[in-house]
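A.B. asks: Input: one structure, supplied below.
Each reported figure results from applying straightforward, stated rules to the coordinates on display, with no laboratory input. Note that the structure is predicted; figures quoted are calculated from it, not measured. Here the Cβ positions follow ideal geometry from the backbone for every residue, glycine too, while neighbour counts run over all protein chains shown.
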Amino acid sequence: MTAVTGEAPLQGSGVLGRPMDSREDPQLLRGEATYVGDVNLPGTAHMAILGSPVAHAKILSIETKAAEQMPGVLKVATAADFTDVMPLPCIWIPGGVESHFPPHPYGLPGARPVLTGDSVRHVGDPIAVVVAETPRQAAAALAAIAVEYEPLPVVTRADAALAEGAPQLHEAVPGNLNAYWTCGDKDRAEAALAEAEVKVELDLVNQRTINSPIEPRGAVGDYNAATDEYTLYASTQGPHNHRFLLAALVLGIPFNKLRVIAPTVGGSFGTKGYLYPDMALVLVLSKALGRPVKWVDTRTGLMNSTVQGRDHRQHVVLAGTRDGRMTGLWATSYANLGAYPSTIGPGVATALMGRSISGMYEIPAAFCEVYAAFTNTVPLGAQRGSGRAEAAFLMERLVDRFAAEIGMDPAAVRRKNLVPNEKFPYDNGLGWTYDSGDYQVNFDKALELSGYADMPARKAEARTRGKRLGVGIATYVAICGVGPSTRMSQEGMLGGTWESANIRVNPTGEVTVTVGSASTGQSHHTVFAQVAADELEIDPAQVQVYEGDTLRAPYGQGTYGSRSYSMAAPAVALTARKIKAKLVKAGAVFLGIPEEKAVYAAGKVYEEGNEENAKTFADLAMAMWYGWGLPHEIEPALDETTHFDPPDFNYPFGTHVAVVEVDELTGETEVVAYTAVDDAGHIGNPKIVLGQIEGSITHGLGQALMEAAVYDEQGRLLSSDLTKYALPRATDVPFFTLGKTTTPSPHNPLGAKGAGEIATVPPAAAVVNAVVDALSDLGVQHIDMPLTPEKVWRRLRGEAQ
Amino acid sequence: MILTEFDYVRPVGLDEALALLGGTRGAKVLAGGQSLLPALRAGEESARLLVDVRHLEELRGVGRSAEGIRIGALTTLAELAAHAVVLAEAPEVAAAARANGDPQVRNLGTAGGNLAAGGRATDLAVAALAADARVELAGPGGRWTVPAEEFAESGAPAGTVVTALLVPAAGRAAAFEKTADPATLYPVCATAVRITPDGPRIAVTGATARPLRLRGVEERLRGGPYTTEAVLAAFRAEPRELFVPGRGTSAEYLGHLAGVLAARALQRADQALA
């Protein structure tokens, strides 16, 4: 395949693609890694945040005197203490449409103040902070802050927030409508629906879920009065991005006065790329107090403050022919953005979902409209597979409804409508142009691996055991590799989305790779060493990888949307090529031969036809460090950087098959088999990707079976800790049957596509399809997630949803 | 939440532990810590002194006794779940121990602690009820035993320590069934049954406010058969208010679930008997 980047495809030593053990795992598993919570600077004071106990109210007064008198308390601060701190901005807005945001002094879309002074808009909305000598003292003093509220009516659903007379959250956002956003061709879709032989419709709730990384967020601010420099240690997946946004748009300090360091980050699932009030607060308070200020969240704190996922209410329609051809697709979605726009939430809820709804199918007329609304809930953001999982859910549920309606096998319907190979690059009519794919091969492989043909016999056998066996298929296309910066700007992204890498060859011949991205558990140190070693044809053990410190790393945007391997790894490979080119040029000089006679192979430069005349990698590294004998046009040292901005996104895809058994008496659903065949292009380290696929599937099964953020009518989160919010355990899932296909992306020199989150996209759809299949003879057409035993039991008894 | 402050002491013997518990306001027994510490962290319980009894040898060990099996209070749930004598003579007790939490919880959590934690959220108590076991307590007045059923209602009196669980041997005619809450792994509903010459003993927890023997159901099922239909009918005849809604589950569903689990347990116990 010819890469449209103009770069040659990778042809390295073969280190890349090997299932090498993760370098990071031993430290993580032994508890030796340093997280923000482990950063203990001398003289550290501890911050606690007072979050609102009510979901919507005017603040009439805040009394802090009693708290100030509490033991160990150094400072109690409210919004009035931060008047020179700007509100957090929102940087991904619904692209191409009118949108409304709280204000920001620079005229940008605003998100939220660091502390709210006038009103509270969700439970957990930060009102005040205490800094004390110990975390316990800070927490104890919070209880002594007296806040007087004037309660306001509460709204927790997006559709309800848009209704006439609904409580209003923001003065600058009339009717709570952030944006009405559309994609696709409305007229054609309307016509396709009107003319359809068959039309199926569903009302879906893609319930809100809570991101649950093992490590809650934390931040340590350290201001140095002697140099007027700030350092922020934070659980961040984008240190450079946080540096830019905090310095330029929140604190109003020079960019070069802020350093951001991401220590080990214990998972994120998309939550730690956002700006949160605490990041600014610890910095400002460190300056005010002349001491480092540390804050580490609790699990309940996380659940009331860290961005949450999904949360769409949808009406969706699929039109088609009696013989199973899909002709039109329509989705109307009410997206719940929460109380404030999160840093990139509005883009997630619109483009990432809407443009993805047709998945692997060729549908001539498709249209999606999203009403993105503010409600009295925790702000919405990304969750692993964000947008794309919601899209796959609606599409794949519709396909099963359609298949049932026309009496066709759901696999046959899918197969009939897959985008054929000759149509790539394929414009899906909704805004994405799929780069590459071989959907039929992928689809057939998944069906074969799952034993799809044997399901009727397995169903009959299960019935003898009091179980209803159901099988559910879900396919998906998950846009990844964000991305092409200019294209993203059209999509409403207010920032660059390129990525970077630097390689320094040490004088002693070892190699240092530094990337702008920042791992939250994706084994960057292992994989990027493989990329550099492969290209340079050296031992990966010689390569050390650094990231996460803005002082050391080249500018980059961080990790999100499964981008690091298709964005940062290409930057590493291209940088290694620059190093190699320079080694050839300089090697020729040292070997006393013309450059065209110099050959680079196996980490050496030698004379073509005379391999004895050679310089090893280590020889050359030392020679370049000394720089002796180099001509004027060759600079000494080996130190190169690449900033990679791809021509377009990449589009991994796949097919999953879930087999469930529903207990006829109790309604309990057990996922007894799960097959996934994913295509992420060329994979750098299959062992690491395997772990990501397994984790992703488990994550998706969690939404299908048990996860749900539940708010009561007063806007209080009822599922506010892990005894009330169920997460899937290893014992809740079967051993997965995993396969892959490999369709390289032409949009980067590695042929890579995103991988880390892609397998989170289809499981919810696959499992709900399977359970509905198991209950189909009872006339069941849909069940809302999570599929709790009682909900399924009631359907088994013939009750309506 | 941040754990509140408390004092901590490791007495050298049971007598010292009892003296500390009797003489200190807000003193609580710490054994495996799997119920108490999360409750303290969540602010659901408070303590000023934790009396750590984990090293008291006299509370350890599982062995045969005149009454059947004597299970020392500090026996971990993991030990209990795998103990050959318990598996053979009181299989519902072993299964209930095995059903608790996850391996880490079972490695630390103790039989005595699980019984003392009480409420809907414990598995062992329901097995103890079906087994007609007795709970041995030590207090300032010496040692005594109470029926597990009574203990499930009243709990451990202040100033006492659970020292052992005394379980009559049953052979294999007993079984335990549970549906676990996916978040906590506490029982949504758990049932334990023992089939005796006098008829079945059936106990339920999770679906009920606390572990209960269902004597009405037992009476209706005396002499069998234990078909699912018969057991469900026997459960349906119970007063509605016996079953208490759980988080996200209705009393109606829980009453039905209790019947299903009891039927399955009875059928397994009956098979084992035959």
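A.B. asks: Binned at 5 Å from 0, what are the whole-percent values of the Cα-Cα distance distribution for segment B:172-217, short to long?
C.D. replies: With 5 Å bins starting at 0, P(r) equals 6, 22, 27, 22, 13, 7, 2, 1.
A.B. asks: Still on this structure, please answer the following. Test of understanding: extend the Cα→C-beta vector of A:A226 to 7 Å, then name every residue of segment A:256-294 with backbone N under 17 Å from that spot.
C.D. replies: Residues passing the 17 Å test: A:287, A:290-292.
A.B. asks: Other chains near B:180-188: what is the mean number of their Cβ atoms within 10 Å of each residue's Cβ? Don't skip to the answer; put the middle values down first.
C.D. replies: Working: counts 1, 4, 14, 11, 4, 4, 1, 0, 5.
Other-chain Cβ atoms within 10 Å of each residue's Cβ, averaged: 5.
A.B. asks: Okay, moving on. Where a Cα-Cα gap under 20 Å defines reach, which lysines qualify for B:K178, not counting those fewer than 8 residues away within the same chain?
C.D. replies: Straight-line reach from B:K178, under 20 Å: A:K467, A:K724, A:K791.
A.B. asks: At 222 nm, what value in deg cm²/dmol follows for chain A if DSSP H runs of at least 4 each add -39500 (n - 2.57) and the sum is divided by all its residues, to the nearest 500?
C.D. replies: -7500 deg cm²/dmol
A.B. asks: Based on the mean of other Cβ atoms within 10 Å per residue, sort peptides A:657-665, A:297-305 so the most packed one is first.
C.D. replies: Put in order of decreasing packing, that is A:657-665, A:297-305.
A.B. asks: Pop out the ³J(HN,Hα) list for segment A:172-178 in order, Karplus 6.51 cos²θ - 1.76 cosθ + 1.60 with θ = phi - 60°, rounded to Hz; leave Gly and Pro as x.
C.D. replies: Those phi angles translate into 7, 10, x, x, 6, 8, 5 Hz.
A.B. asks: Follow-up. Mind listing P(r) for segment A:540-681? All alpha-carbon pairs, 5 Å bins, whole percents.
C.D. replies: 2, 8, 13, 13, 11, 10, 10, 8, 7, 5, 4, 3, 3, 2, 2, 1, 0
A.B. asks: Taking the Cα atoms of segment A:693-801, what is the range of coordinates along each of the three principal axes, in descending order and whole Å?
C.D. replies: 54, 38, 27
A.B. asks: Grab the DSSP H runs of chain B that are 4 residues or longer, score each as -39,500 (n - 2.57), total them, divide by all residues and round the 222 nm result to the nearest 500 deg cm²/dmol. Please list the in-between numbers first.
C.D. replies: Numbers: 12 runs with 102 residues, N = 274.
Helix contribution divided over all residues of chain B: -10500 deg cm²/dmol.
A.B. asks: At 7 Å along Cα-to-Cβ for each site, give me the label-to-label distance between A:L551 and A:I634 in nm.
C.D. replies: Calculated label separation equals 3.4 nm.
A.B. asks: So if I average 1/r over every pair of distinct C-alpha atoms in segment A:120-235 and take the inverse, what Kirkwood radius in Å does that give?
C.D. replies: 20.7 Å
A.B. asks: Let me ask another. Using a cut-off of under 18 Å, list every residue of segment A:603-638 whose amide N is near the label point 7 Å from the Cα of A:K597 along the Cα-to-beta-carbon line.
C.D. replies: Only A:605-616, A:631 pass the distance filter.
A.B. asks: For the pair B:R222 and B:S65, how long in nm is the line joining their label points, each one 7 Å along Cα→Cβ?
C.D. replies: So the two model labels end up 3.0 nm from each other.
A.B. asks: Please state, as a whole number in µm²/s, the translational diffusion coefficient that the Stokes-Einstein equation yields for the protein assembly as shown at 4 °C and 1.567 mPa s, with Rh defined as the Kirkwood radius across alpha carbon pairs. Before the final figure, lay out the partial values.
C.D. replies: On the way: Rh = 31.6 Å.
Answer, rounded: 41 µm²/s.
A.B. asks: Using only alpha carbon pairs under 8 Å that are at least six residues apart, calculate the relative contact order of segment B:165-218 and give it in whole percent.
C.D. replies: 25 percent
A.B. asks: Evaluate peptide A:711-721: per residue, the Cβ atoms of other protein chains within 10 Å of its Cβ; return the mean as an integer. Let's see the in-between values first.
C.D. replies: Values: counts 0, 0, 0, 0, 0, 0, 0, 2, 3, 0, 4.
Taking all residues of A:711-721 together, the mean is 1.
A.B. asks: Would you please give the FRET efficiency between A:K257 and A:T134, computed as 1/(1 + (r/R0)^6) with r the Cβ-Cβ distance and R0 = 25 Å, to the nearest 0.05?
C.D. replies: It comes out at approximately 0.30.
A.B. asks: Also, quick follow-up: For an R0 of 35 angstrom, estimate the FRET efficiency from the Cβ-Cβ distance between A:R322 and A:E461 and round to the nearest 0.05.
C.D. replies: The value I calculate is 0.60.
A.B. asks: Starting at the first residue of segment A:451-465, write each ³J(HN,Hα) from the Karplus equation 6.51 cos²θ - 1.76 cosθ + 1.60 with θ = phi - 60°, in whole Hz, x for Gly and Pro.
C.D. replies: Running phi through 6.51 cos²θ - 1.76 cosθ + 1.60 with θ = phi - 60° gives x, 4, 5, 8, 4, x, 5, 5, 4, 5, 5, 4, 4, 5, 9 Hz.
A.B. asks: Which residues does the label zone of A:L718 cover in segment A:778-801, counting backbone N under 20 Å from a point 7 Å along Cα→Cβ?
C.D. replies: Hits in segment A:778-801 for A:L718 at 20 Å: A:783-795, A:800-801.
A.B. asks: Right, another one. Can you give me the distance in nm between label points at B:W144 and A:K423, each placed 7 Å from the Cα along the Cα-to-Cβ direction?
C.D. replies: Each label point is offset 7 Å from its Cα along the Cβ direction, giving 8.1 nm.
A.B. asks: Then there is this: Normalized C-alpha radius of gyration of segment A:3-147, against 2.2 N^0.38 Å?
C.D. replies: Working: Rg = 23.3 Å, N = 145, 2.2 N^0.38 = 14.6 Å.
Computed over Cα atoms of segment A:3-147, the ratio equals 1.60.
A.B. asks: Relative to the present Cα-Cα distance, how much length would full extension add between A:Y626 and A:E164 at 0.36 nm per residue of separation? Mind showing how you got there, number by number?
C.D. replies: On the way: separation 462, 0.36 × 462 = 166.32 nm, distance 7.48 nm.
Once the chain is fully extended between A:Y626 and A:E164, it gains 158.8 nm.
A.B. asks: To the nearest 20 Debye, how big is the dipole of the protein assembly as shown about its Cα centre, given +1 on the beta carbon of each Lys and Arg and -1 on that of each Asp and Glu?
C.D. replies: On the way: 93 positive and 120 negative charges, 345 e Å.
With Lys and Arg at +1 and Asp and Glu at -1, about 1660 debye.
A.B. asks: Something else: Output wanted: per-residue J couplings in Hz (rounded whole) for segment A:289-302, from phi through Karplus 6.51 cos²θ - 1.76 cosθ + 1.60, θ = phi - 60°, x for Gly and Pro.
C.D. replies: Values per residue, Gly and Pro as x: 9, x, 9, x, 10, 10, 9, 10, 6, 9, 5, 5, x, 4 Hz.
A.B. asks: Go through A:K580/A:K615; A:K416/A:K687; A:K199/A:K445; A:K687/A:K740 and tell me which ones have a Cα-Cα distance over 23 Å in this structure.
C.D. replies: Those over the limit are A:K416/A:K687; A:K199/A:K445.
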